Amino acid sequence: MALFEQRRRSSRSSHRLFGGSSRLDVAGVSEYQLALFDLVGRRVEGRVSVPVVAMLVPEPDEVIAVYAMGESNEPMKVGWIGADDAAEISSVVSAHNAEGTDVALRGTIDGYWDRRRGLGGLRLWLMYDPDDFRMR
């Protein structure tokens, strides 16, 4: 069971929502297209742009997983932070997690879907302030 799932069931789990205007791309979203479509609504057609809140969760293999929440507030794994960015922000994310607090960022799921032709895809990007994560 993932650390996020364990803590989500704990009454002491909370989150801190960080702000910012710099973009942080989420990697691996091609593997999580079904989860992204669940978050934006399965009947989507055409251009999509849906705001979400995402939790950053360190995993044992030194990857920072990204769990996004839509209107249902049921978090779903939707990707991870790329290796270079993860190396720079992991100490802050891990420190908050050790205190029982998840790091959250606002983001947007966007993309395009043509249901008739079965073409398109979704991506996720998050907004953050590099100074909050000691990135320079």
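The values are calculated or read from the model by the stated rules, or taken from the named source; none is laboratory data. Model, not experiment: these values are computed from the prediction. Quick reminder, even Gly has a Cβ in these numbers, built from the backbone with ideal geometry, and neighbours come from all protein chains shown.
Which pairs turn up if I take residues in segment 112-136 that are under 23 Å from GLN33 (Cα atoms) and look for partners that are modelled with pLDDT under 75 and part of a loop (DSSP other than H, G, I, E, B) with beta carbon separation below 7 Å, at least 6 apart in sequence or on another chain? From segment 112-136, the pairs are TRP113/VAL44.
Filtering segment 73-82 to residues that are surrounded by fewer than 16 Cβ atoms within 10 Å (Cβ to Cβ) and either in contact (Cβ under 8 Å) with a residue 12 or more places away in the chain or under 16 Å from SER49 (Cα atoms) (or both) leaves only GLY82.
The requirement of being farther than 21 Å from ARG23 by Cβ and assigned to a strand (DSSP E or B) is fulfilled somewhere in segment 102-116, by at least one residue.
Residues that are in a strand (DSSP E or B) and exposed (fewer than 15 other Cβ atoms within 10 Å of the Cβ) within segment 117-136 comprise LEU119, GLY121, listed in sequence order.
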